[in-house]
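S.K.: Before I ask anything, here is the structure I am working with.
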Amino acid sequence: MVHQYKNNGYDIVLDVNSGAIHVVDDVTYDVIEMIDQSQPESYARDEIVSALSGKYGREEVEEAIDEVQTLIDEESLFTKDTYENYIMDFKKRPTVVKALCLHIAHDCNLACRYCFAEEGEYHGRRALMSFEVGKKALDFLIANSGQRRNLEVDFFGGEPLMNWQVVKDLVAYGREQEKLHDKKFRFTLTTNGVLLDDEVMEFCNREMGNVVLSIDGRKEIHDKMRPFRKGAGSYDLIVPKFQKFAESRNQDKYYVRGTFTRNNLDFSEDVLHLANLGFKQISVEPVVAEPTEPYALKEEDLPQLFEQYDKLAAEMVKRHKDGKDFNFFHFMIDLEGGPCVAKRLSGCGSGTEYLAVTPWGDFYPCHQFVGNEKFLLGNVDDGIVKTEICDEFKCCNVYAKEKCRNCFAKFYCSGGCAANAYNFTGDICGTYDIGCELQKKRVECAIMIKAAQQDEE
């Protein structure tokens, strides 16, 4: 499978199955476009020469065809898909858990308008995780991690800092267990910043492998969507703290993470606003919401959103040249190493390798399934009880999703988010179409940025 597109002055050809990326001239681009992907080996050379000679000249077209044939012979263009058989044994694999999302607090001191957790309560009751429940969760992770040494634990909410002492106690317990079981915990904290202070920063800089700082961008955008419960905005309170925190971590191992909605379809301005505030690690993601919500993204918004991604990508290329670059999470792509085949085919591992834990110790496939009893897997006392749900998630991969099978981005997005798919289609193997379109655009922009940077070298 081959995907071709033009972006920011570059003619780009992606060979999906090999991962090879070719930045080509116009004539080569047009030659490739004329080759039937279902039968690339039997293209009619004379027909291509005849069709393109008026536009480019016969000799130029001949040379381009020779170059294309060389790429085919080298198996970096029009390569066959050799991965589908790989998924046959996914279901047979034992479930090895490597990561937990601890819902340390089902409570929050903000009232974000788009929050899927309904002010941190996840359609249920307010609650704080006890140390005992958290301890059992870490014990479960260790016991079910097999030979895997590196384990991940996310402190999530709600707002985790509303249960800060338990966070600290669980980190201390985890460090003790590392020595006993030859494991290594990587802890992550997600916070809205309201309760962030020097003590928290110091602890996080010592113990947290990553910190996620929630902010949506420009003051007017942020305050509209992320107010306190009485309506006041939180921007002015958190920005100086986040700036201090990012600097204290040497602008590394953190993200400022925001959400854009229909209220800011010009979201590239919010990304650049965060960059102008000095942040080097930035993620601003599209909202996922019921179509009835006034801030929900609509299909008709896609052209404008595509333009915004293009604009942002071009600006990042420019800033890189000027030595003022920053990372945008959704444009980060590894074209040489990247995830293993299993990850490229099946994604984040929700429901198998990755589980969410409620304050009272229930297991769900991930934080976005919490509260949906259909996906209740078990608990910290009994372990995984409904193994059939885990089996269902094991079989969730790009080949199980009809719209993914022939999509050029499938090995980059890995089939997308199972929760989004379920919420919009009723099937974890479905697809959330708006999300898919945006993901494809982000992949195109990310590859273009890589091409531009290669051009500089």
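Coordinate-derived values only; no laboratory data. None of these values were measured; they are calculated from a predicted model. We place every Cβ from the backbone using ideal geometry, glycine too, and count neighbours over all the protein chains shown.
S.K.: Could you work out the relative contact order of the chain? I mean the mean sequence separation of Cα pairs under 8 Å and 6+ apart, divided by the number of residues, in percent.
M.R.: Values: 765 pairs, mean separation 67.0, N = 457.
That works out to 15 percent.
S.K.: Going by average Cβ density within 10 Å per residue, which order do the peptides 274-283, 226-235 take, highest to lowest? Walk me through the intermediate numbers first.
M.R.: Values: 274-283: 19.2, 226-235: 14.8.
Descending mean neighbour count gives 274-283, 226-235.
S.K.: In the chain, if the dipole is taken from +1 on Lys/Arg beta carbons and -1 on Asp/Glu beta carbons about the Cα centre, which of Phe331, Leu277, Phe363 is farthest to the positive end?
M.R.: Phe363
S.K.: Say each of Asp325 and Asp139 gets a label point 7 Å from the Cα, pointing the same way as Cα to Cβ; how far apart are those two points in nm?
M.R.: 4.8 nm
S.K.: So what's the angle, to the nearest 10 degrees on a 0 to 90 scale, between helix 164-181 and the longest Cα principal axis of the chain?
M.R.: It works out to around 70 degrees.
S.K.: Calculate the dipole size of the chain relative to its Cα centre from +1 charges on Lys and Arg beta carbons and -1 charges on Asp and Glu beta carbons; express the result in debye to the nearest 20. Please report the intermediate quantities before stating the final value.
M.R.: Details: 55 positive and 78 negative charges, 440 e Å.
Magnitude of the dipole: close to 2120 debye.
S.K.: Quick one: what are the phi-derived ³J(HN,Hα) couplings along segment 209-226, Karplus 6.51/-1.76/1.60 with θ = phi - 60°, whole Hz, x for glycine and proline?
M.R.: Listing the rounded values in order: x, 8, 10, 10, 10, 8, 7, 9, x, 4, 3, 5, 6, 4, 5, 5, 9, 10 Hz.
S.K.: Okay, moving on. What 222 nm value per residue comes from the helices of the chain, counting each DSSP H run with n ≥ 4 as -39,500 (n - 2.57) and dividing by all residues, nearest 500 deg cm²/dmol?
M.R.: Values: 16 runs with 182 residues, N = 457.
Result for the chain, helices only: -12000 deg cm²/dmol.
S.K.: So what's the net charge close to Ala289: Lys and Arg +1, Asp and Glu -1, counting the other residues with Cβ under 11 Å from its Cβ?
M.R.: On the way: positive: Arg113, Arg262, Lys298; negative: Glu290, Glu293.
Value of the local net charge: +1.
S.K.: Tell me the Rg and the Dmax, in Å, that the Cα atoms of the chain produce.
M.R.: Gyration radius and largest Cα-Cα distance of the chain: 23.9, 76 Å.
S.K.: Quick check: the angle from helix 58-73's long axis to the longest principal axis of the chain, C-alpha only, nearest 10 degrees?
M.R.: Helix 58-73 sits roughly 50 degrees off the main axis of the chain.
S.K.: How many nm separate the modelled label positions at Lys374 and Thr292, each set 7 Å beyond the Cα in the direction of the Cβ?
M.R.: Those two pseudo-labels are separated by 1.7 nm.
S.K.: Between Asp26 and Glu300, what is the FRET efficiency for a Förster distance of 35 Å, r being their Cβ-Cβ separation, to the nearest 0.05?
M.R.: It comes out at approximately 0.65.
S.K.: On to the next question. Hey, can you grab everything whose amide H is under 5 Å from the amide H of Lys184? Only 5+ residues off in sequence or another chain; H modelled, so Pro and N-termini drop out.
M.R.: Excluding prolines and chain starts, which carry no amide H, the hits are Asn150, Leu151.
S.K.: To continue, here is another question. Taking the Cα centre of segment 2-82 as origin and charging only Cβ (+1 Lys, Arg; -1 Asp, Glu), how large is the dipole, in debye to the nearest 20?
M.R.: 280 debye
S.K.: What does the extension gain come out to for Glu132 and Gln453, with contour length at 0.36 nm per residue minus their alpha carbon separation? Please report the intermediate quantities before stating the final value.
M.R.: On the way: separation 321, 0.36 × 321 = 115.56 nm, distance 5.00 nm.
Full extension of this stretch gives 110.6 nm more.
S.K.: Right, something else. For a paramagnetic label modelled at 7 Å from the Cα of Lys6 toward its Cβ, which residues of segment 428-454 fall within the zone defined by backbone nitrogen distances under 20 Å?
M.R.: Under cut-off, by backbone N: 441-453.
S.K.: Which value in nm describes the separation of the simple spin-label points at Val385 and Ser38, placed 7 Å from the Cα toward the beta carbon?
M.R.: Simple spin-label model gives 5.1 nm for this pair.
S.K.: Using the Karplus equation 6.51 cos²θ - 1.76 cosθ + 1.60 (θ = phi - 60°), what ³J(HN,Hα) coupling, rounded to whole Hz, does each residue of segment 254-269 give in order, writing x for Gly and Pro?
M.R.: Values, residue by residue: 7, 9, 8, 10, x, 10, 9, 10, 5, 6, 9, 5, 8, 4, 4, 5 Hz.
S.K.: Still on this structure, please answer the following. Quick one: helix 235-248 against the long Cα principal axis of the chain, what's the angle to the nearest 10°, folded into 0 to 90?
M.R.: Its long axis makes an angle of about 80 degrees.
S.K.: While we're on this one: Full-extension gain between Glu176 and Ser248, please, as 0.36 nm times their residue separation minus the C-alpha to C-alpha distance.
M.R.: 23.3 nm
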